[in-house]
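Colleague: Right, I'll just put the structure down here and ask away after.
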Amino acid sequence: KATYFMLEPHMKQNPDIVKGLSEKGHALGVHGVTHDISKVYKSPENFINEMNQAIHFIKEHTDIQTHLVRSPYGSKPHMTPPFIEASNKNELILWDWNVDSKDWQLTKGGFVNHTIQQINHLDGREPLVVLMHEKPTTATHLEELLQFFQNEGYDMKAIDESTIPVQF
């Protein structure tokens with residue numbers, strides 16, 4: 001299982017996929033609407049409005065009320081105390097990652113070895129949260145990475161709202 005932090009415009013383009021992910025037991029979270037630093041981080045209110053708009057889409061199409069959020073570009077340095085305070089007030093659960101696959105950059109499958117190297121240097125830190133994106137090139141090589149996890153005995157789970165978040 002996996003957790004998908006999704007942008008609202010992509011969900012609008014693929015509502016059946018969003019519903020299917022939910023039906024298959026994956027966790028759904030939000031990543032905002034614009035992914036534009038100047039818009040999403042203009043104010044805490046802008047950040048909350050973007051997240052709530054995406055949350056509303058998930059609720060409307062899956063009947064799931066999620067609180068899981070991955071802020072655009074990660075929490076550092078943009079999630080300053082006023083943004084965190086607003087997020088907490090709105091009961092958002094902020095997540096970052098501890099393994100960056102760089103799949104958006106290493107598009108010929110190099111992200112697989114890059115990810116494995118990072119994991120091998122983490123000395124068993126749990127949980128592993130691997131950042132990946134919905135790119136065709138990621139999908140092409142994903143099976144190789146999933147096979148590594150399976151061979152190494154990792155248990156791949158969807159994030160649950162009671163799980164302590166990985167944060168920078």
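The values are calculated or read from the model by the stated rules, or taken from the named source; none is laboratory data. All values reported here derive from a predicted model rather than from experimental measurement. Cβ coordinates were reconstructed from backbone atoms using ideal geometry, including for glycine residues, and neighbour counts include every protein chain displayed. Only protein heavy atoms, including side chains, enter the accessible area calculation; ligands, DNA and RNA are left aside. Shrake-Rupley method; radii C 1.70, N 1.55, O 1.52, S 1.80 Å.
Colleague: Within segment 121-134, is there a residue that is under 20 Å from Asn52 (Cα atoms) and touching a His at 6+ places or on another chain (Cβ under 8 Å)?
Modeller: To start, the set of residues in segment 121-134 that are under 20 Å from Asn52 (Cα atoms) comprises none.
No, every residue in segment 121-134 fails to be under 20 Å from Asn52 (Cα atoms) and touching a His at 6+ places or on another chain (Cβ under 8 Å).
Colleague: Among the numbered conditions (1) touching a residue at least 24 places away in the same chain (Cβ under 8 Å); (2) open to solvent by 60 Å² or more (accessible area, probe 1.4 Å); (3) at positive phi, tell me where Gly74 comes up short.
Modeller: Status for Gly74: all satisfied but (2).
Colleague: Something else now. I'm checking my understanding of the structure. Among residues of segment 115-132 that are at pLDDT 95 or above and not in a helix (DSSP H, G or I), which one is most open to solvent (accessible area, probe 1.4 Å)?
Modeller: Selected residue: Met132.
Colleague: Go over the candidates Thr34, Thr3 one by one and state the one that is of a type outside the set (A, V, I, L, M, F, W, C), within 29 Å of Pro82 (Cβ to Cβ) and in contact (Cβ under 8 Å) with a residue 60 or more places away in the chain.
Modeller: Working: Thr34 fails: in contact (Cβ under 8 Å) with a residue 60 or more places away in the chain.
Just a single option satisfies the conditions, and that option is Thr3.
Colleague: A further question follows. I'm checking my understanding of the structure. Among residues of segment 134-153 that are under 22 Å from Gly124 (Cβ atoms) and within 19 Å of the chain's Cα centre (by Cα), which one is most open to solvent (accessible area, probe 1.4 Å)?
Modeller: So the residue we want is Leu146.
Colleague: Under the condition of being open to solvent by less than 90 Å² (accessible area, probe 1.4 Å) and without any contact (Cβ under 8 Å) to a residue 12 or more places away in the chain, which residue from segment 37-63 is nearest to the chain's Cα centre (by Cα)? Spell out the reasoning first.
Modeller: Of all residues in segment 37-63, those open to solvent by less than 90 Å² (accessible area, probe 1.4 Å) come to 37-38, 40-41, 43-44, 46-48, 50-55, 57-59, 61-62.
Still in the running and without any contact (Cβ under 8 Å) to a residue 12 or more places away in the chain: 38, 43, 46, 59.
Working: Ser38: 20, Ser43: 22, Asn46: 19, Lys59: 17 Å.
Taking the candidates together, the pick is Lys59.
Colleague: Restricting to segment 88-114, count the residues that are on the phi > 0 side of the Ramachandran plot and either open to solvent by less than 20 Å² (accessible area, probe 1.4 Å) or of a type in the set (Val, Ile, Thr) (or both).
Modeller: The initial filter retains those residues of segment 88-114 that are on the phi > 0 side of the Ramachandran plot, namely 91, 102, 109.
Going one step further and asking which of them are either open to solvent by less than 20 Å² (accessible area, probe 1.4 Å) or of a type in the set (Val, Ile, Thr) (or both), we end up with 109.
Counting residues in segment 88-114 that are on the phi > 0 side of the Ramachandran plot and either open to solvent by less than 20 Å² (accessible area, probe 1.4 Å) or of a type in the set (Val, Ile, Thr) (or both) gives 1.
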